[in-house]
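The values are calculated or read from the model by the stated rules, or taken from the named source; none is laboratory data. Remember, it's a predicted structure, so these values are computed and weren't measured experimentally. Note that each Cβ is placed from the backbone with ideal geometry, even for glycine, and that neighbours are counted across all protein chains shown. These area figures cover heavy atoms from the full protein model, side chains too; ligands, DNA and RNA do not enter into them. Shrake-Rupley method; radii C 1.70, N 1.55, O 1.52, S 1.80 Å.
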Amino acid sequence: MSEPVIDLKNVNLKLGEGASAVHVLKDVDLTINAGEAIGIIGPSGSGKTTLLMVLAGLEHADSGSVDVAGAKISDMSEDAVAQFRGKNIGFVFQSFHLIANMTALENVAVPLELAGVADAFDIARKELEAVGLGHRLTHYPGQLSGGEQQRVAVARALAPNPKILIADEPTGNLDSETGKQISELIFKKQKERGMTFVLVTHDAALAESCDRKVRVNSGTVQADTKSKSKTAA
């Protein structure tokens, strides 16, 4: 492993205001090295997804520092963070988040076009072929199975060639066999490209496939351990 690509120090975040405010993240310290795969686990409501949001710059920490890919995003403006995120971070969500009236090809190309990439559709085509959907380029999300829709979402996340791939329960809406295929695809692409991978999951086997497991509970990092498979190796 090399230098840290994600470094959170003493991060705190409250959501809500006044008496109803909830202290969601409490004094969180987390360092992730370039090329590492990290599985974030813990009970529902523990702060796992909020932690993802903070390290991706989608939520701004109340205090502490958030350094990602050489940039202190905790000090950046919202617009600057959005621009940074588009170039450096890819996302895969549980519910796919595809645009219903756009084809698979358009869904993958649009973020590239918005970023001003000249050959957006060529890149999108190659990424869809790389995830096994070269024959589904002109199909709309409603014409695709859940597994195919998630493959489109993976292609969209990979298209900008990000340094970091973030996935929030990427197999949560899929049956076990399809989920296994999608998780294998994501790990394969992560290793091929040397990306840093941060995964939130309830799936113990999926978390075990990562290099490290980070257990979050009640807004704090309670354990940070090497996965058994990696320890044995």
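When you look at N33, is it in contact (Cβ under 8 Å) with a residue 12 or more places away in the chain, over 30 Å from R151 (Cα atoms) and open to solvent by less than 70 Å² (accessible area, probe 1.4 Å), yes or no?
no
One residue is enough: does segment 7-16 have a residue meeting the conditions out of contact with any strand residue (DSSP E or B) (no Cβ under 8 Å at 6 or more places or on another chain) and loosely packed, with under 14 Cβ neighbours inside 10 Å? Don't jump to the end; show me each part of the working.
Of the residues in segment 7-16, the ones out of contact with any strand residue (DSSP E or B) (no Cβ under 8 Å at 6 or more places or on another chain) are none.
No.
For segment 199-221, state whether one or more residues are modelled with pLDDT under 85, touching a helix residue (DSSP H, G or I) at 6+ places or on another chain (Cβ under 9 Å) and not hydroxyl-bearing (S, T, Y).
In the first step, residues of segment 199-221 are kept if they are modelled with pLDDT under 85; the result is none.
Checked against the condition, which is being modelled with pLDDT under 85, touching a helix residue (DSSP H, G or I) at 6+ places or on another chain (Cβ under 9 Å) and not hydroxyl-bearing (S, T, Y), segment 199-221 yields no hits at all.
Across segment 140-149, which residue is nearest to V198 (Cα to Cα) among those that are among the polar types (S, T, N, Q) and in contact (Cβ under 8 Å) with a residue 12 or more places away in the chain? Can you show your working first?
Pass one, segment 140-149, residues among the polar types (S, T, N, Q): 143, 145, 149.
With in contact (Cβ under 8 Å) with a residue 12 or more places away in the chain added as a condition, the list becomes 145, 149.
Values: S145: 25, Q149: 21 Å.
Per the criteria, the residue is Q149.
Just checking, which of E17, E59, E3 is modelled with pLDDT under 95 and more than 20 Å from the chain's Cα centre (by Cα)?
E17
Kindly indicate which of S65, S74 is open to solvent by less than 40 Å² (accessible area, probe 1.4 Å), farther than 27 Å from F187 by Cα and in contact with a Lys or Arg (Cβ under 8 Å, 6 or more places away or on another chain). Working first, answer last.
Working: S74 fails: in contact with a Lys or Arg (Cβ under 8 Å, 6 or more places away or on another chain).
None of the other options fit; the residue is S65.
Given the conditions (1) surrounded by fewer than 19 Cβ atoms within 10 Å (Cβ to Cβ); (2) in a loop (DSSP other than H, G, I, E, B); (3) among the β-branched types (V, I, T), which single one is not true for T225?
For T225, the failing item is (2).
When you scan segment 99-120, how many residues do you find that are surrounded by fewer than 17 Cβ atoms within 10 Å (Cβ to Cβ) and either in contact (Cβ under 8 Å) with a residue 12 or more places away in the chain or of a type in the set (G, A, S) (or both)?
9
So the check is Cβ under 9 Å with 6+ separation or different chains; which pairs have a first residue in segment 150-178 that's among the aromatic types (F, W, Y) and a second one that's open to solvent by 30 Å² or more (accessible area, probe 1.4 Å) and modelled with pLDDT of 95 or more?
none
Being under 19 Å from N10 (Cβ atoms), outside any helix (DSSP H, G or I), open to solvent by 10 Å² or more (accessible area, probe 1.4 Å) and not aromatic (F, W, Y) is the requirement here; does G45 meet it? Spell out the reasoning first.
On the way: under 19 Å from N10 (Cβ atoms): no; outside any helix (DSSP H, G or I): yes; open to solvent by 10 Å² or more (accessible area, probe 1.4 Å): yes; not aromatic (F, W, Y): yes.
When the stated conditions are applied, G45 does not pass them.
Is there a residue being out of contact with any strand residue (DSSP E or B) (no Cβ under 7 Å at 6 or more places or on another chain), of a type in the set (D, E) and assigned to a loop (DSSP other than H, G, I, E, B) anywhere in segment 71-89? It would help to see each step written out before you state the result.
Going residue by residue through segment 71-89, those that are out of contact with any strand residue (DSSP E or B) (no Cβ under 7 Å at 6 or more places or on another chain) are 71, 75-83, 85-87.
Next, from what is left, pick out any that are of a type in the set (D, E): 75, 78-79.
Subset that is assigned to a loop (DSSP other than H, G, I, E, B): none.
No, because not a single residue in segment 71-89 is out of contact with any strand residue (DSSP E or B) (no Cβ under 7 Å at 6 or more places or on another chain), of a type in the set (D, E) and assigned to a loop (DSSP other than H, G, I, E, B).
Among what's in segment 20-30 and is at pLDDT below 95 and open to solvent by 60 Å² or more (accessible area, probe 1.4 Å), pick the residue that is nearest to C210 (Cα to Cα).
H23
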